[in-house]
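The values are calculated or read from the model by the stated rules, or taken from the named source; none is laboratory data. None of these values were measured; they are calculated from a predicted model. Please note: Cβ atoms are built from the backbone with ideal geometry, for glycine as well, and neighbour counts cover all protein chains shown.
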Amino acid sequence: MKDNQRLLELYKLHRDKLASPEEQEEFDKLLSNQENEEVLKSHFDEIWGKLSEPLYSSLEISNSKKILSDIISSPQKLPRKVKLWPKWAAAASIAIIIFTGGYLYFQTHSQNSKPTDIVNDIAPGKNGATLTLANRQKILINDALAGNIATQSGVSISKNASGQIIYEITDNGSNNSEYNTLSTTRGEQTQVRLPDGTLVFLNAESSLKYPTSFKTLSKRQVSLTGEGYFEVAKDKAHPFIVKTSNQEVEVLGTHFNINTYSSESNVRTTLLEGSVKISSSNKSKTLKPNEQADLTGDGNIKISEADAAVAVAWKNNQFMFDSENIQAVMRMVERWYDVDVEYVGEITDEKFWGGVSRFDNVSKVLKSLESTGKVHFKIEGRKIYVSK
């Protein structure tokens, strides 16, 4: 069992591209060890048996089971660098989520759930945003055609075919640095590549304020509200700083996620790779990969182990719940589907685990949650009523 748990720990590092050479070698050896075969098979059989209805039905569980079974029963065929991983990444992702409690299932699981009351269904959110230029001109990204959408102070701003906003320096002689703001409403998400090459993903109901050029600045500083995922371009001479309402995150080059929604109790920063320093009220702490920092309401910074896949699931167009109560789940639904939620009567205190696609209509998400028998929904217009 220890080897099995270690295998899953190493898989998470491998999946998130955080495994050291030593950890990768250990991972390869565990995968090819025939002594693990029966242990893994028995665990998979037990778990697949419990997955008759929760959130993973859409992930072709039966096919995933076959892939896992084929690989487990033929470990000697695994190449040294485990090149078969892409083939069964979906199956293994299910397995790692399951082994860490990640499926929608309770000890008191009931199949007698009431069907969702649907007057009308609600489509998922989509790519879109509003770009506010330095002169206060507003550009609706959805309405703009692909290609150049604005030019200011030696910087060209364009939109590519997938809707990503791209900043490019066109006049190296220009020393002006103006500020733009990219914002999303509920039901929107977007991406922007800043002039230094940093890539930022913005979740729904979020905004990013940034200079159009970092050329004359000693540090690359941006301001975030809501939630954003950053892939920061490396530049040791110019630290990259993300300011929120009550903290600063300083990096040189790294991948991390910040959730600073005012509706959440803590500001959460999750590090995928590199290193970041969290500062607030004369306190600071440094994060290592696969760690998260929670800035609490009283100003304390708490460090804990993180599951990076859960933290950035939204960026990969997934909802992923990791021991979330129904209120936390429905806040995600509110932001993405642009709906209002009202609670009726007593609310369940059960925790939810699992994941569903953000591309699904809201009724499918709610039906998956209802399969637990612990919660019921009624949709009227753009309002969702939640009850037991």
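Of all residues in segment 163-174, how many are part of a strand (DSSP E or B) and touching a Gly at 6+ places or on another chain (Cβ under 6 Å)? Qualifying residue count for the region: 0.
For segment 175-197, give me the residue count where each residue is more than 23 Å from residue 318 (Cα to Cα) and either part of a loop (DSSP other than H, G, I, E, B) or in contact with an Asp or Glu (Cβ under 8 Å, 6 or more places away or on another chain) (or both). Number satisfying all stated conditions: 8. Exactly one residue out of 355, 381 is over 19 Å from residue 204 (Cα atoms) and not basic (Lys, Arg), and it is 381. Within segment 97-117, is there a residue that is at pLDDT 75 or above and part of a loop (DSSP other than H, G, I, E, B)? No, because not a single residue in segment 97-117 is at pLDDT 75 or above and part of a loop (DSSP other than H, G, I, E, B). Would you confirm whether any residue within segment 370-380 is acidic (Asp, Glu), assigned to a strand (DSSP E or B), modelled with pLDDT under 95 and not assigned by TED's automatic domain parsing to the domain that holds residue 186? Yes, some residue in segment 370-380 is acidic (Asp, Glu), assigned to a strand (DSSP E or B), modelled with pLDDT under 95 and not assigned by TED's automatic domain parsing to the domain that holds residue 186. When each of 298, 322, 235, 294 is tested for being surrounded by fewer than 22 Cβ atoms within 10 Å (Cβ to Cβ), in the same structural domain as residue 353 (by TED's automatic domain parsing) and outside any helix (DSSP H, G or I), the lone residue that passes is 322.
Within this structure, residue 215 fails the test of being surrounded by 19 or more Cβ atoms within 10 Å (Cβ to Cβ), farther than 20 Å from residue 247 by Cβ, out of contact with any His (no Cβ under 7 Å at 6 or more places or on another chain) and among the basic types (Lys, Arg).
Just one of the numbered conditions (1) surrounded by fewer than 19 Cβ atoms within 10 Å (Cβ to Cβ); (2) out of contact with any Pro (no Cβ under 8 Å at 6 or more places or on another chain); (3) outside any helix (DSSP H, G or I); (4) not β-branched (Val, Ile, Thr) is not true of residue 289: (1). Could you go through segment 259-270 and let me know if any residue there is free of Cβ contacts under 8 Å to residues at least 12 places away in the same chain, surrounded by fewer than 19 Cβ atoms within 10 Å (Cβ to Cβ), among the acidic types (Asp, Glu) and farther than 30 Å from residue 156 by Cα. Within segment 259-270 (the criterion being free of Cβ contacts under 8 Å to residues at least 12 places away in the same chain, surrounded by fewer than 19 Cβ atoms within 10 Å (Cβ to Cβ), among the acidic types (Asp, Glu) and farther than 30 Å from residue 156 by Cα), the answer is no, since none of the residues qualifies.
Exactly one residue out of 204, 150 is outside any strand (DSSP E or B) and aliphatic (A, V, I, L, M): that is 204. Taking the conditions (1) assigned to a strand (DSSP E or B); (2) over 15 Å from the mean Cα position of the chain (by Cα); (3) within 30 Å of residue 365 (Cα to Cα) in turn, residue 327 satisfies each one other than (1). In segment 219-238, is there at least one residue being out of contact with any Leu (no Cβ under 9 Å at 6 or more places or on another chain) and of a type in the set (Ser, Thr, Tyr)? Within segment 219-238 (the criterion being out of contact with any Leu (no Cβ under 9 Å at 6 or more places or on another chain) and of a type in the set (Ser, Thr, Tyr)), the answer is no, since none of the residues qualifies. Summed over segment 310-319, residues that are in contact (Cβ under 8 Å) with a residue 12 or more places away in the chain and either surrounded by fewer than 13 Cβ atoms within 10 Å (Cβ to Cβ) or more than 11 Å from residue 257 (Cβ to Cβ) (or both) total 3. Among the residues of segment 203-244, those identified as within 30 Å of residue 265 (Cβ to Cβ) and among the aromatic types (Phe, Trp, Tyr) are 210, 229, 230, 240. Quick one: in segment 307-352, which of the residues that are of a type in the set (A, V, I, L, M, F, W, C) and touching a Pro at 6+ places or on another chain (Cβ under 9 Å) is farthest from residue 385 (Cα to Cα)? Once the filter is applied, the top-ranked residue is 308. Based on this model, can you work out whether residue 227 counts as acidic (Asp, Glu), surrounded by fewer than 17 Cβ atoms within 10 Å (Cβ to Cβ) and either within 22 Å of residue 128 (Cα to Cα) or at pLDDT 95 or above (or both)? The answer is no for residue 227.
As for segment 243-250, it holds at least one residue that is over 18 Å from the mean Cα position of the chain (by Cα), outside any strand (DSSP E or B) and buried (at least 17 other Cβ atoms within 10 Å of the Cβ).
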